[in-house]
Amino acid sequence: MARTVHVIGAGLAGLSAAMRLAQGSENVILHEASSQAGGRCRSYHDATLGMMIDNGNHVILSGNRSALSYLDIIEATDRMHGPHEADFNFIDLATDERWQLRLGDGLLPWWIFSDARRVPNTRACDYLVLARLMWRPGEGTVGEAIPCSGALYERLIEPILLATLNNEPPAASARLAATLMRETLGSGGRTCRPLIAQEGLSAAFVDPALAYLKAHGATVHFGHELHSIGFKEGRAERLDFGSETIALAPEDVVIFAVPPNVAARLLPGLQTPNEFRAIANVHFRVDGNVTLPAMTGVVHGLTQWIFTYPGRLSVTISAADALMQLPRDELARRVWGEVAKIAGLPEHLPPWQVVRERRATIATDPRQEALRPPAQTAWDNLFLAGDWTATGLPPTIESAIRSGERAARLA
Ligand SMILES: Cc1cc2nc3c(=O)[nH]c(=O)nc-3n(C[C@H](O)[C@H](O)[C@H](O)COP(=O)(O)OP(=O)(O)OC[C@H]3O[C@@H](n4cnc5c(N)ncnc54)[C@H](O)[C@@H]3O)c2cc1C
């Protein structure tokens, strides 16, 4: 009989691992504590707005090879939408300037030498700091590697790093920023096209994955929270779900795809990152036409990125820990003040929803980076997955999916 692989946690890391294993002859069982798959990347019906929304706006890039391969396998590539070229629209609220950064398709960054295509008020030579960050980041912070001021920093480097590292850039790991920059800006425009799940995250990343797992004979248990694990002779031998205990056969394997705080609680002696950063999303129901592009970067505002969806505008604010205590209606009003000005919409506050994820991602400073563990553990038949494990990438969809691939390979 085929051995059984138990995957704990049905976020993208767990789904990715389960999907890869279900392709073979493994007997795959996915255990999820909540009633829904997707973890930090999911859709739900919001009663206030009267529509489906995502817990937060998520962007992947056309160079995210693991995420795209995942979408290809579950036949959901067409659920992601983006421009044909790597074009990014920005507005500076301090000066009201608007511009489009057009990276073009080539590997070489010709855009840097074009007044019309590079960031306004920057010179070609300013961009040398990007090369320094990419190729000589050092072991410290971004603030130690490059100057964190000036037009190029405020209008390009800060918005990109804030969104992808979810950390105040000066304190973030320079090495992580370098990897990110090399895999995006440094690899040419073809790898930087932003892709958004316009019909929702679950419709793109979660529902097709669950359908794929079902079609390949995997079992998914919702409301099945792992409470503890029994270990014997260097192996996991028992999974305790409270109402049910599963004894593991000698050949069975466990993939642990839960958040770091849960992993640290259930796996004795495991060191994990233990500081987190928040992300706030503010959604507004809007009727009628909105002329904004699918995604707009905002400089010198509380708002960082605005996304347009059918009937909805949605704002993302990363590294938003300082906003966690702000009354929800005040946050909505302040953000709408900026959005209405940018989009040329009435000042009157439309129906809104604030979604604040306190533990959106791990902090990405050098100290936390050093705490990210590899997939292998002290136990022969137990492997880790999750965006927070040592993938060398920022804690993103790409990291989660790549970690799932890696754990499946090891299993
Ligand atoms: C608001 C927000 C915006 C983001 N924006 C972006 C973006 O633009 N681009 C991008 O690439 N990434 C973005 N991210 C990050 C991205 O969502 C995560 O990197 C990814 O979803 C992490 O997946 P994961 O599977 O590693 O973890 P999780 O999604 O946390 O999955 C862990 C799963 O384990 C389950 N679980 C926990 N404990 C147990 C237990 N004891 N037993 C069983 N199951 C358990 C949980 O319920 C959960 O389903 C964003 C995140 C947030 C919150």
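The values are calculated or read from the model by the stated rules, or taken from the named source; none is laboratory data. It should be emphasised that the depicted structure is a prediction, and the values quoted were computed from it without experimental measurement. No Cβ is skipped: glycine too gets one built from the backbone with ideal geometry, and neighbour counts run over all protein chains shown. Just the protein is used for accessible areas: all its heavy atoms, side chains included, with ligands, DNA and RNA removed. Shrake-Rupley method; radii C 1.70, N 1.55, O 1.52, S 1.80 Å.
Some points to look at:
- Beta carbons closer than 8 Å, at least 6 apart along the sequence or on distinct chains, pair a first residue in region 181-197 that is farther than 20 Å from PRO137 by Cα with a second that is at pLDDT below 80 and open to solvent by 40 Å² or more (accessible area, probe 1.4 Å) for GLY189/ASP105; ARG190/ASP105; ARG190/LEU107.
- Within region 35-51, the residues that satisfy the criterion of being open to solvent by 50 Å² or more (accessible area, probe 1.4 Å), under 14 Å from ASN281 (Cβ atoms) and either part of a strand (DSSP E or B) or away from the ligand (no atom under 14 Å from the Cβ) (or both) are TYR44, THR48.
- Total residues in region 53-81, condition closer than 12 Å to LEU195 by Cα, open to solvent by 10 Å² or more (accessible area, probe 1.4 Å) and not in a helix (DSSP H, G or I): 9
- Of the criteria (1) within 16 Å of the ligand (Cβ to nearest atom); (2) within 29 Å of ILE60 (Cβ to Cβ); (3) crowded, with 20+ Cβ neighbours inside 10 Å; (4) modelled with pLDDT of 95 or more, which one GLY301 fails: (1)
- Residue pairs whose Cβ atoms lie under 6 Å apart, sitting 6 or more positions apart in sequence or on different chains, and linking a residue in region 307-318 that is within 16 Å of ILE60 (Cβ to Cβ) to a partner that is in a strand (DSSP E or B) and open to solvent by 10 Å² or more (accessible area, probe 1.4 Å), are PHE307/MET295; THR316/TRP305; SER318/ILE279.
- Filtered residues of region 373-411 (kept if touching a residue at least 60 places away in the same chain (Cβ under 8 Å) and part of a helix (DSSP H, G or I)): ILE397, GLU398, ALA400, ILE401, ARG402, SER403, GLY404, GLU405, ALA407, ALA408, ARG409
- Top-ranked residue in region 146-170 [being touching an Asp or Glu at 6+ places or on another chain (Cβ under 8 Å) and not in a helix (DSSP H, G or I); ranked as farthest from the ligand (Cβ to nearest atom)]: GLY150
- Residue match in region 22-34 (condition: at positive phi, surrounded by fewer than 22 Cβ atoms within 10 Å (Cβ to Cβ) and outside any strand (DSSP E or B)): no
- Count of region 307-351 residues which are within 26 Å of THR164 (Cβ to Cβ) and open to solvent by less than 70 Å² (accessible area, probe 1.4 Å): 24
- Filter pass, LEU161 being under 24 Å from VAL59 (Cα atoms) and free of Cβ contacts under 8 Å to residues at least 24 places away in the same chain: yes
- Among residues of region 185-230, those that are more than 18 Å from GLU75 (Cβ to Cβ), away from the ligand (no atom under 12 Å from the Cβ) and either open to solvent by 60 Å² or more (accessible area, probe 1.4 Å) or of a type in the set (Val, Ile, Thr) (or both), counted: 4
- The test for being more than 18 Å from PRO83 (Cβ to Cβ), touching a residue at least 24 places away in the same chain (Cβ under 8 Å) and surrounded by fewer than 20 Cβ atoms within 10 Å (Cβ to Cβ) holds for GLY138.
- The single residue among ALA280, ALA294, ALA263 that is within 22 Å of the chain's Cα centre (by Cα), within 16 Å of the ligand (Cβ to nearest atom) and open to solvent by 30 Å² or more (accessible area, probe 1.4 Å) turns out to be ALA294.
- Filter result (open to solvent by 10 Å² or more (accessible area, probe 1.4 Å), over 13 Å from the mean Cα position of the chain (by Cα) and near the ligand (Cβ under 9 Å from one of its atoms)) within region 356-399: ARG356
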